[in-house]
1. Taking only pairs six or more apart or across chains, which ones have beta-carbon atoms under 8 Å, a first residue in segment 214-236 that is free of Cβ contacts under 8 Å to residues at least 40 places away in the same chain and farther than 12 Å from ALA300 by Cα, and a second residue that is surrounded by fewer than 21 Cβ atoms within 10 Å (Cβ to Cβ) and basic (Lys, Arg)?
2. Given the residues ALA175, ALA187, which is the only one that is within 30 Å of ALA46 (Cα to Cα), of a type in the set (Gly, Ala, Ser) and either over 24 Å from the mean Cα position of the chain (by Cα) or crowded, with 22+ Cβ neighbours inside 10 Å (or both)?
3. Considering only segment 342-380, state which residues are away from the ligand (no atom under 16 Å from the Cβ) and either outside the structural domain of PHE198 (by TED's automatic domain parsing) or within 16 Å of the chain's Cα centre (by Cα) (or both).
4. When segment 207-239 is examined, which residues are found to be within 24 Å of MET278 (Cβ to Cβ) and assigned to a loop (DSSP other than H, G, I, E, B)?
5. More than 20 Å from GLY88 (Cα to Cα), assigned by TED's automatic domain parsing to the domain that holds GLY49 and outside any loop (DSSP other than H, G, I, E, B): is that true of ARG121 in this structure?
6. Where in segment 266-381 are there helices (runs of 4 or more DSSP H), lying wholly inside it, with at least 1 residues that are surrounded by fewer than 19 Cβ atoms within 10 Å (Cβ to Cβ) and at pLDDT 95 or above?
7. From the list GLU136, GLU181, which residue is more than 20 Å from SER62 (Cα to Cα), in contact with a His (Cβ under 8 Å, 6 or more places away or on another chain), surrounded by fewer than 24 Cβ atoms within 10 Å (Cβ to Cβ) and not polar (S, T, N, Q)?
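The values are calculated or read from the model by the stated rules, or taken from the named source; none is laboratory data. All values reported here derive from a predicted model rather than from experimental measurement. Positions of Cβ are generated from backbone atoms using ideal geometry, with glycine treated the same way; all protein chains shown enter the neighbour counts.
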Amino acid sequence: MTTNMLNPDAGAHILQWADLLARHSEPPWDARGELTATYLTHAHLATAGDLAQWMRDSGFDSVTTDAVGNVVGVYRAARPDAPVLMTGSHYDTVRNAGKYDGRLGILVPIACVAALARAGRRLSFDIELVAFAEEEGQRFRATFLGSGALTGDFDPQWLDQQDAHGLTMRDAMRAAGLPGEMAAIGALRRDPSRYLGFVEVHIEQGPVLVERAVPLGVVTSINAGARYVCEAGGRAEHAGTTPMGMRRDALLAAAEISLFVEQRASLAPGLVGTVGQMEVPGGSINVVPGACRFTLDLRAPTNAQRDALVTDVLAGAREIAARRQISLECNESMRVAAAPSDPAWQARWERAVAAIGQPVFRLNSGAGHDAMKLHTIMPQAMLFVRGGNRGISHNPLEIISAEDATLAVQAFTALLDDLDVNG
Ligand SMILES: [Zn+2]
């Protein structure tokens, strides 16, 4: 298949699909016209329903919903028992989200399979498209739940996690018609020997491509990361009567630590460190903060750089706390390894981008993606698509152009052509 067999309006169609999905939003965001579709809410299930319908309409041979809510479409190869190319991304969202984060990586392969089916063409491999039910960790604390189920990383304790209303994940699953049992979830684990690899298309979620004026970017690695939830303890006392030199102010320790995070993460390119939450539990305007809770989010291109960043930040934090006579406890809430792209798959994306006449631009991913889960069991590589509005994401201002979405479909098609030994 050549790219001119594709619908030239494929990109416009993808934008329309994304608009349709964005109508499914949960209260109270829906009333404000904002998009929020967290795991297994009505909005989330309606999104899954649309995706399943569009996969069927586009010519996928089988479309099923699995035990964690992933929507799985398979477009069969010319011959039975062919190897499988897996692709996909997530359809859950953050709160007040953009329309393309995750969903673009589902809609682009649907458009590609629609073109194959229209042409009556079968490839030398199955295409397995997985619309992952959960990646963002919004309703429950578990993240990458959809892709984690495929790699055998679904923690049985997650079923007992509760959402903000005290509903357990198990009960939320059962209310959605899913079994809510580990036997069914464990069975989702994929046998890597059947798979050629995993590719994921995703909006960049950053400003690099738009600043460089290139529509597509080939991902070289997904950053390693670590997150901590910290609690600083000082002494709550009268804000009027306690002299400055006699205070043990927990908030000031946390503030100094956050400045140290900025300083340390600025030492090398590619490192990022963020204190995204800071609160004084039960604080008052006239009381010296006696406690402060804050978070650390630390990321780096390699595991070694991430580990060095974590070690230095925690040591610096302890030193600041000790000097200020503040107790400090930091608990790790997440640790993910870097996921360098498989060289052969990265090269396939590079050839695909070059084949459609676009410049080959490489970049690493500061954000986590489902591909980093699949990375643990099979080779993977990602393609980024340029976002407008300085690449803003996790925000309703997230946009892409129809032209860039069309280029993503063309590049994906070129990758399928490259891989197809029938063609
Ligand atoms: Zn995403």
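1. Short answer, once both residue conditions are applied: none.
2. Numbers: ALA187 fails: either over 24 Å from the mean Cα position of the chain (by Cα) or crowded, with 22+ Cβ neighbours inside 10 Å (or both).
Result: ALA175 is the single residue among ALA175, ALA187 that is within 30 Å of ALA46 (Cα to Cα), of a type in the set (Gly, Ala, Ser) and either over 24 Å from the mean Cα position of the chain (by Cα) or crowded, with 22+ Cβ neighbours inside 10 Å (or both).
3. Correct list: THR376 only.
4. The answer is ASN223, GLY234, ARG235, ALA236, GLU237, ALA239.
5. Numbers: more than 20 Å from GLY88 (Cα to Cα): yes; assigned by TED's automatic domain parsing to the domain that holds GLY49: yes; outside any loop (DSSP other than H, G, I, E, B): no.
No: the conditions fail for ARG121.
6. Values: elements: 303-323, 343-355, 370-374.
Of the helices (runs of 4 or more DSSP H) lying wholly inside segment 266-381, those with at least 1 residues that are surrounded by fewer than 19 Cβ atoms within 10 Å (Cβ to Cβ) and at pLDDT 95 or above span 303-323, 343-355.
7. Numbers: GLU181 fails: in contact with a His (Cβ under 8 Å, 6 or more places away or on another chain).
Exactly one residue qualifies, and that residue is GLU136.
Yes/no matrix, rows are residues, columns are (1) at pLDDT 95 or above; (2) surrounded by fewer than 20 Cβ atoms within 10 Å (Cβ to Cβ); (3) closer than 24 Å to ILE377 by Cβ; (4) not hydroxyl-bearing (Ser, Thr, Tyr):
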{"position": "ASN7", "(1), (2), (3), (4)": "no, yes, no, yes"}
{"position": "HIS24", "(1), (2), (3), (4)": "yes, no, no, yes"}
{"position": "THR38", "(1), (2), (3), (4)": "yes, no, no, no"}
{"position": "THR47", "(1), (2), (3), (4)": "yes, no, no, no"}
{"position": "SER58", "(1), (2), (3), (4)": "yes, no, no, no"}
{"position": "SER62", "(1), (2), (3), (4)": "yes, yes, yes, no"}
{"position": "GLY73", "(1), (2), (3), (4)": "yes, no, yes, yes"}
